[in-house]
1. Only sites in a loop by DSSP and with at most 10 other Cβ atoms within 10 Å count here; which GluC sites (Glu not before Pro) in the stretch 1-86 make the cut?
2. Quick check: net charge around residue 222, other residues with Cβ under 10 Å of its Cβ, Lys/Arg +1 and Asp/Glu -1?
3. List the residues, sorted by chain then number, that are 5 or more residues from residue 188 or on another chain and whose placed amide H is less than 5 Å from its amide H.
4. Taking the beta-carbon count within 10 Å as an exposure proxy, list 226, 5 from fewest neighbours to most.
5. Taking a ≥ b ≥ c as the square roots of the Cα gyration tensor eigenvalues, with a/c under 1.5 meaning rounded and otherwise prolate when a/b beats b/c, else oblate, which class fits the stretch 132-228?
6. For a 28 Å ceiling on Cα separation, which of these pairs sit above it: 151/219; 10/57; 10/114; 19/216?
7. Run the numbers on the stretch 75-192 and let me know its relative contact order in percent, using alpha-carbon pairs under 8 Å that are six or more apart.
8. Any idea what the relative contact order of the chain is, in percent, if you count C-alpha pairs under 8 Å spaced at least 6 apart?
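None of the figures in this text is laboratory data; all of them are computed from the coordinates on show. These numbers were taken from a predicted model, which means no experiment stands behind them. Neighbour counts are summed over all protein chains in view; Cβ atoms, including those assigned to glycine, are modelled from backbone coordinates with ideal geometry.
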Amino acid sequence: MRLISEGKQKFFIRRIIFKLLDIVPVEFSTNPGDIVVLVGFHRIDSVLQWSYFTGEKGKVIVIEAVPEYVENLRKNIEHHLNWPFNNITYINKGVDSSKSVKQIEIGESADFNKLSAQGIQDGLKDSNYVRNIEIETDTLDNILQSNNIDKVNHIEMTISGMEVEALRGMNTTLLNDGLRIQIRSLHEKDGQLLYPQALKILEDCDMKTLVGRKNKRFKGREIFASRI
């Protein structure tokens, strides 16, 4: 994949992979030297994969709302693992359609986390959540601008029902030439599936979109989009 230039041919290959796997894996999503934004990522192995495949000339921007997750990533990657690539930037912020302060519900598993009072239906019980914390949110456009990032090649987003709000705060970012974006959009909000709304925003920006298979547990889908 690294030897093939970005464009229609590479999108065609990714479409085949997406149809087979319901996701485009890291090694097929990015290129050496890319600037990648990971929104809602807390797993060390995932962040290291992106760091490795973008390489020393690339950059990985990790945007995570929960402070302890950000600190855990930083501490383990920079101090305990002695990771050889110095290409990861950590930002403690939630991504939304506007600048605000909100409450996030912390789940028994980090994959359960979601913003409070947002009407997000995830099929979980109140007992699956252990505490609430206050977080700062902002648009991705603002977050990137304040960190002097004016070019993005790829975005990965797993933010439990806030993907539509996040996309509404990405008017500038979505116009990046050659942008690729993969979203896990599995939830409903106020009784409405979110993935069709996310697809419309992406398609209104003239991006080519792919939709994954129906999830066994959730009603939503995986989304891959590319500006080609």
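1. Passing both the DSSP loop test and the Cβ count: no residue.
2. So the environment of residue 222 carries a net charge of +2.
3. Residues meeting the amide H criterion: 121.
4. Placing the least packed residue first, the sequence is 5, 226.
5. oblate
6. From 151/219; 10/57; 10/114; 19/216, over 28 Å: 151/219; 10/114.
7. 30 percent
8. Relative CO of the chain lands at 19 percent.
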